[in-house]
């Protein structure tokens with residue numbers, strides 16, 4: 001009796017084992033036919049709780065919006081620069097001479113640009129040079145076809161300037177870098193970051209009210225005077241066309 005039960009049990013197990021093997025075979029065949037899509041769908045569901053949430057999605061979308069905004073602003077600036085360059089090329093007259101920058105010297109001392117207009121075009125030593133934004137420098141040498149311009153960033157440059165908000169004169173001195181120094185011989189001068197600086201009405205070298213730059217930082221360590229770094233409105237290293245203005249002061 002026990003032997004019969006054992007045999008029937010073994011037979012039942014063999015049948016069950018066959019069904020298990022058959023089921024595994026069918027499953028593997030399904031995986032083969034579906035090319036693993038079942039696993040992918042299964043992973044889809046089990047990984048769903050760990051997906052980036054709505055907050056992270058908003059951050060990504062905000063970053064994309066900022067990228068588009070930056071690109072748009074760059075395009076606007078480039079468009080404005082090109083428009084200004086075109087207007088500079090088209091606006092030459094007897095007093096203003098349009099010229100192209102054909103060379104730059106950016107050493108700490110020899111900060112100058114070379115223009116493609118010279119004495120044959122009416123350029124004279126002492127004429128001022130203006131680019132998009134404001135003052136760049138003054139003509140120091142001329143040849144028949146070219147002229148050399150000392151930039152206001154050169155240590156050789158010293159110009160009288162005017163701080164409009166506080167109605168005070170100062171001296172703008174080039175330091176050989178991109179930020180000339182404004183010197184105010186009064187420690188009580190209420191100069192502030194963001195103040196606008198232009199050519200002085202009292203200057204013997206420049207016409208008055210030519211835009212120059214904006215106060216970027218202030219040094220108040222000296223008792224007898226204040227100094228400030230000036231961020232120029234006209235950028236010599238990116239300007240391709242300028243205006244030479246005849247000066248008769």
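General observations
- Only one of the numbered conditions (1) at pLDDT 90 or above; (2) buried (at least 21 other Cβ atoms within 10 Å of the Cβ) is violated by residue 131, and that is (1).
- Identity of the residue in the stretch 211-232, under 17 Å from residue 128 (Cα atoms) and surrounded by 19 or more Cβ atoms within 10 Å (Cβ to Cβ), that ends up farthest from the chain's Cα centre (by Cα): 212
- In this structure, residue 205 qualifies as surrounded by fewer than 17 Cβ atoms within 10 Å (Cβ to Cβ), touching a residue at least 60 places away in the same chain (Cβ under 8 Å) and assigned by TED's automatic domain parsing to the domain that holds residue 121.
- The C-beta contact set for the stretch 118-136 (first residue free of Cβ contacts under 8 Å to residues at least 24 places away in the same chain, second residue surrounded by fewer than 18 Cβ atoms within 10 Å (Cβ to Cβ) and outside any loop (DSSP other than H, G, I, E, B), distance under 9 angstrom, 6+ apart or interchain) comprises 125/140; 125/141.
- Residues that are within 24 Å of residue 140 (Cβ to Cβ) and either in contact (Cβ under 8 Å) with a residue 40 or more places away in the chain or in a loop (DSSP other than H, G, I, E, B) (or both) within the stretch 169-197 comprise 172, 174, 175, 176, 177, 178, 179, 180, 181, 182, 183, listed in sequence order.
- Top-ranked residue of the stretch 135-147 - restricted to ones that are over 28 Å from the mean Cα position of the chain (by Cα) and assigned to a strand (DSSP E or B), ranked as nearest to residue 200 (Cα to Cα): 139
The values are calculated or read from the model by the stated rules, or taken from the named source; none is laboratory data. Keep in mind it's a predicted model, so treat the numbers as computed, not measured. Heads up, the Cβs are rebuilt from the backbone with ideal geometry, glycines too, and the neighbour counts pull from every protein chain shown.
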